[in-house]
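*Asks:* Pasting a structure here, questions to come.
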Amino acid sequence: MAMKIRGAKKPVNWRLIFFALLVLFVFAIAQSVYYVESSLRPTFIKVAEEKTRHIATEAINGSIAERISSEADYSKLIDLKTSSAGKVTAGYFNMVEAARIQNDVTKSIEGVLQSLQEKKMYIPLGQAAGSSLLSQLGPDIPVEIQPVGNVMSDIGWESQERGINQVIHTLYLEITVHTSVIVPFTTKPSEVKTKVPIAYVFLVGDVPQMVFNAKGETVGQTTSSSQIPMPSIQLPNLNDNKDEKSDAASESSAAGAEE
């Protein structure tokens, strides 16, 4: 009677199976991390940029306000001319005093940015999810502010009408700061701009003694001219400062020659 002999079974290579499962697990984790990072990174960078811009703007405005309140001499910034009746007829801003304030404020801001550079902030990763429930969850990601270049400051002015023959002239400092928002493995350039008034002039002219009816015709008392002039104010022309200085120098030299 013939006997059927079965072949011996090969032993299962559990080590190979475990290694294959481990590779698949690591690959799945890597894909998940990459997906989460690619999805949340732009949002997180935007959150970090807005937060650093807010902190930098508050620090800059606080430094400017403190410097102006302690250093600015408004009697030197604004010179008003009055008539014999005591009414303001004209005025002008003293640009030399404004330039001094600009220089002091710029130096103060540079010191503030240096202190921000040495300070680290931490933002929870959950803030990138856009949910108020998850905003405080996740690991805290370090964020740094790195100043780039020098602080840029300009003196500007603007005029606004505030009623009948009422005008507000404002002299202000416009500060521009370029920074880099540094998060792990990424650096994002950012720009902080702020405008801070340093002087106001509120001029009020005489109110015309006339009214208009529904047809647009004047009713009541009128003046000899259709308009009553506003007190004028001499606004600075920063583009012509060099020309004015050269003209003043030539006039002084000519006066010296005549003497």
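*Asks:* So, in segment 155-203, of the ones that are without any contact (Cβ under 8 Å) to a residue 24 or more places away in the chain and within 21 Å of Ala59 (Cα to Cα), which residue ends up surrounded by the fewest Cβ atoms within 10 Å (Cβ to Cβ)?
*Replies:* Here the residue is Glu191.
*Asks:* Give the residues of segment 64-108 that are in contact with a strand residue (DSSP E or B) (Cβ under 6 Å, 6 or more places away or on another chain), within 25 Å of Gln166 (Cβ to Cβ) and hydroxyl-bearing (Ser, Thr, Tyr), sorted by residue number.
*Replies:* Thr82, Ser83, Thr89, Tyr92 - these are the residues of segment 64-108 that are in contact with a strand residue (DSSP E or B) (Cβ under 6 Å, 6 or more places away or on another chain), within 25 Å of Gln166 (Cβ to Cβ) and hydroxyl-bearing (Ser, Thr, Tyr).
*Asks:* Just one of the numbered conditions (1) touching a residue at least 40 places away in the same chain (Cβ under 8 Å); (2) under 19 Å from Gly156 (Cα atoms) is not true of Lys107; which one?
*Replies:* Of (1) touching a residue at least 40 places away in the same chain (Cβ under 8 Å); (2) under 19 Å from Gly156 (Cα atoms), only one is false for Lys107: (1).
*Asks:* Let me ask you something else. Which of the residues belonging to segment 144-159 are of a type outside the set (S, T, N, Q) and either on the phi > 0 side of the Ramachandran plot or outside any strand (DSSP E or B) (or both)?
*Replies:* Passing the criteria: Val148, Gly149, Val151.
*Asks:* Looking at Leu40, is it more than 19 Å from Val192 (Cα to Cα), touching a Phe, Trp or Tyr at 6+ places or on another chain (Cβ under 9 Å) and not aromatic (Phe, Trp, Tyr)? Quick ask: steps written out before the conclusion?
*Replies:* Details: more than 19 Å from Val192 (Cα to Cα): yes; touching a Phe, Trp or Tyr at 6+ places or on another chain (Cβ under 9 Å): no; not aromatic (Phe, Trp, Tyr): yes.
No; evaluated as a whole, the condition is false for this residue.
*Asks:* Give the residue, chosen from Ser190, Ser159, that is of a type in the set (S, T, N, Q) and farther than 30 Å from Met121 by Cβ.
*Replies:* The match here is Ser159.
*Asks:* Kindly establish whether Gly138 is surrounded by fewer than 12 Cβ atoms within 10 Å (Cβ to Cβ), at pLDDT below 80 and at positive phi.
*Replies:* So Gly138 does not fit the description; no.
*Asks:* Can you confirm whether Tyr92 is closer than 30 Å to Leu203 by Cα, modelled with pLDDT of 85 or more, part of a strand (DSSP E or B) and of a type in the set (Phe, Trp, Tyr)? Outline the logic, then answer.
*Replies:* Numbers: closer than 30 Å to Leu203 by Cα: yes; modelled with pLDDT of 85 or more: no; part of a strand (DSSP E or B): yes; of a type in the set (Phe, Trp, Tyr): yes.
No, not satisfied.
*Asks:* Here are Glu66, Glu50: which of them is in a helix (DSSP H, G or I), out of contact with any Ser or Thr (no Cβ under 7 Å at 6 or more places or on another chain) and farther than 19 Å from Tyr172 by Cβ? Can you show your working first?
*Replies:* Numbers: Glu66 fails: farther than 19 Å from Tyr172 by Cβ.
Of Glu66, Glu50, the one residue that is in a helix (DSSP H, G or I), out of contact with any Ser or Thr (no Cβ under 7 Å at 6 or more places or on another chain) and farther than 19 Å from Tyr172 by Cβ is Glu50.
*Asks:* Scan segment 160-179 residue by residue and report those that are more than 14 Å from the chain's Cα centre (by Cα) and in a strand (DSSP E or B).
*Replies:* Of the residues in segment 160-179, the ones more than 14 Å from the chain's Cα centre (by Cα) are 160-171.
Scanning segment 160-179 gives Gln160, Glu161, Gln166, Val167, Ile168, His169, Thr170, Leu171.
*Asks:* For segment 77-102, give me each residue that is of a type in the set (Asp, Glu) and buried (at least 18 other Cβ atoms within 10 Å of the Cβ).
*Replies:* Scanning segment 77-102 gives a single hit, Glu97.
*Asks:* Condition (residue is of a type outside the set (Ser, Thr, Tyr), surrounded by 12 or more Cβ atoms within 10 Å (Cβ to Cβ) and over 19 Å from Ile182 (Cα atoms)) applied to segment 120-130: is it met by at least one residue? Give the derivation first.
*Replies:* In the first step, residues of segment 120-130 are kept if they are of a type outside the set (Ser, Thr, Tyr); the result is 120-121, 123-130.
Narrowing further to those that are surrounded by 12 or more Cβ atoms within 10 Å (Cβ to Cβ): 121, 123-129.
From the residues that got through so far, the ones that are over 19 Å from Ile182 (Cα atoms) too are 129.
Yes, segment 120-130 contains a residue that is of a type outside the set (Ser, Thr, Tyr), surrounded by 12 or more Cβ atoms within 10 Å (Cβ to Cβ) and over 19 Å from Ile182 (Cα atoms).
The values are calculated or read from the model by the stated rules, or taken from the named source; none is laboratory data. What you see is a predicted model, and the numbers here were worked out from it, not measured in a lab. Don't worry about glycine lacking a Cβ; one is built from the backbone with ideal geometry, like all the others, and counts go over all protein chains shown.
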